[in-house]
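This report refers to the structure that appears directly beneath it.
The values are calculated or read from the model by the stated rules, or taken from the named source; none is laboratory data. For clarity, every value in this text was computed on a predicted model and none was experimentally measured. In this analysis, Cβ positions are derived from the backbone assuming ideal geometry, glycine residues included, and neighbour counts consider all displayed protein chains.
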Amino acid sequence: MKRHASRIAAAVLLLSPFAAYAEWPNRPIKIIVPFPAGNSSDVSMRILGEKLGARLGQPVVIENRIGAGGTIGTAAAAKATPDGYTLAMGSTGPLSIAQWLRPDSMPYNPAKDFAVLGAVAYAPQVLTVRSSLPVANFKEFLAYGRQSGNKLNYGSSGNGTTPHLVIAQLVSEARLNAEHIPFQGGSQALTSLVGEQIDFISDNVPVIQGAISSGRVKPLAVSSAKRIPSMPDIPTIAEQGVPGFDYQGWILLVGPSKLPAAIATRLNTEVEAIMKMPEVRQRFGELGLAPMDMPKSELAGFLAAESKKWQAAVKVSNAIETTR
């Protein structure tokens, strides 16, 4: 009798995790955003979280945990209990760039420590020049930047940031004469561009949209393979003389690598459904973001390809940091 009871108890213990997953979620879910509140990536996660909470029947809370280029918050997500109650916004810097930029101090392995739960959005950039630069379009910009005696300087939101690496890659591929001037953020770089202290920048739509609309700077091209939905009249770099150029940020929903498959599948299903909603796509477009529309089967390959792409960009930029 005791042996029979022991077997029943053991069976209950074995089944209890599956029962817990079946009940998920039964309390609020947290999404860590490793960047400050109010920027486009943060707002995109709040939009996603609002819809996700409604579909799952539990509140989704956004926690901004910033620092070290996004790696502090991303590391916290990697080390979280894999129970589906702590997720994170995965993005280009922490998941594809940081490992090559700071190889001596990475607190996680992007390829092994995360489960990719859903594709959210691309964050393309716009290459923008000072209003007095004597070029009318991107092809003229290329010719000007290649001409002997013309030394351009470009600003970015900081050494090793996505805007820096996008331009460093362009300078390399297009053979431009250009020097990098890092700032403490995109808004400072834009201020210097408007003040004509630097020649050009590349940054996300929310950073430069106001200056473009007011005519204080000239937009010449977008960094992605496709035109930005909210700025359809601005051609891509690839269309205008640098074939195949496609560098842009992106946003994923991720969780700890040992997240139960049932929870990961449910989250992927919900994210795909949310990103098909017309109102969500419209709100993302207003943020200068483009829905990724990438099926789960392609996500792992996407992350590996992006890692390789940005490794090369970091090398070209000479932005590698070491603690030696």
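Per-structure values
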| item | result |
| --- | --- |
| Residue in region 284-291 that is in the same structural domain as PHE35 (by TED's automatic domain parsing) and assigned to a strand (DSSP E or B) present | yes |
| Residue within region 224-244 that is acidic (Asp, Glu) and surrounded by 18 or more Cβ atoms within 10 Å (Cβ to Cβ) present | no |
| Long-range neighbours under 8 Å by Cβ, at least six apart or interchain, first residue free of Cβ contacts under 8 Å to residues at least 24 places away in the same chain within region 238-258, second crowded, with 17+ Cβ neighbours inside 10 Å and in a strand (DSSP E or B) | GLU239/ALA221 |
| Residue within region 263-278 that is farther than 21 Å from ILE31 by Cβ, assigned to a helix (DSSP H, G or I) and modelled with pLDDT of 95 or more present | yes |
| Residue check, ARG227 of a type in the set (Lys, Arg), in a loop (DSSP other than H, G, I, E, B) and either at pLDDT 95 or above or over 16 Å from the mean Cα position of the chain (by Cα) (or both) | yes |
| Given (1) within 24 Å of SER187 (Cα to Cα); (2) at pLDDT 95 or above; (3) out of contact with any helix residue (DSSP H, G or I) (no Cβ under 8 Å at 6 or more places or on another chain), index of the condition ALA80 fails | (1) |
| Criterion violated by LEU176 - all others in (1) in a helix (DSSP H, G or I); (2) without any contact (Cβ under 8 Å) to a residue 60 or more places away in the chain; (3) surrounded by 19 or more Cβ atoms within 10 Å (Cβ to Cβ) satisfied | (1) |
| Near pairs, Cβ below 8 angstrom, 6+ apart or cross-chain, from region 218-236 (free of Cβ contacts under 8 Å to residues at least 40 places away in the same chain and more than 14 Å from LYS139 (Cβ to Cβ)) to any residue that is part of a loop (DSSP other than H, G, I, E, B) and β-branched (Val, Ile, Thr) | ARG227/ILE234 |
| Selection within region 239-297 - acidic (Asp, Glu) and closer than 20 Å to ASP203 by Cβ | GLU239, ASP246, GLU286 |
| Some residue of region 192-200 being of a type in the set (Ser, Thr, Tyr) and buried (at least 16 other Cβ atoms within 10 Å of the Cβ) | yes |
| Considering residues of region 245-261 that are closer than 23 Å to ALA273 by Cα and out of contact with any Pro (no Cβ under 9 Å at 6 or more places or on another chain) only, the residue surrounded by the fewest Cβ atoms within 10 Å (Cβ to Cβ) | ALA261 |
| Residue in region 102-113 that is more than 29 Å from LEU193 (Cα to Cα) and in contact with a Leu (Cβ under 7 Å, 6 or more places away or on another chain) present | yes |
| Where a residue in region 104-115 is within 13 Å of PRO256 (Cβ to Cβ) and among the hydroxyl-bearing types (Ser, Thr, Tyr) and its partner, wherever it lies, is assigned to a loop (DSSP other than H, G, I, E, B) and modelled with pLDDT of 95 or more, with Cβ under 9 Å and at least six apart | TYR108/LYS79 |
| Considering residues of region 271-290 that are crowded, with 19+ Cβ neighbours inside 10 Å and not β-branched (Val, Ile, Thr) only, the residue nearest to ARG55 (Cα to Cα) | MET275 |
| Check on GLY215, in contact with a Ser or Thr (Cβ under 6 Å, 6 or more places away or on another chain) and closer than 30 Å to GLY195 by Cα | no |
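A quick yes/no check of all residues on (1) over 29 Å from the mean Cα position of the chain (by Cα); (2) outside the structural domain of SER257 (by TED's automatic domain parsing); (3) of a type in the set (A, V, I, L, M):
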| site | (1), (2), (3) |
| --- | --- |
| VAL116 | no, no, yes |
| ALA119 | no, no, yes |
| VAL129 | no, yes, yes |
| TYR144 | yes, yes, no |
| ASN150 | yes, yes, no |
| ASN153 | no, yes, no |
| SER157 | no, yes, no |
| THR161 | no, yes, no |
| VAL166 | no, yes, yes |
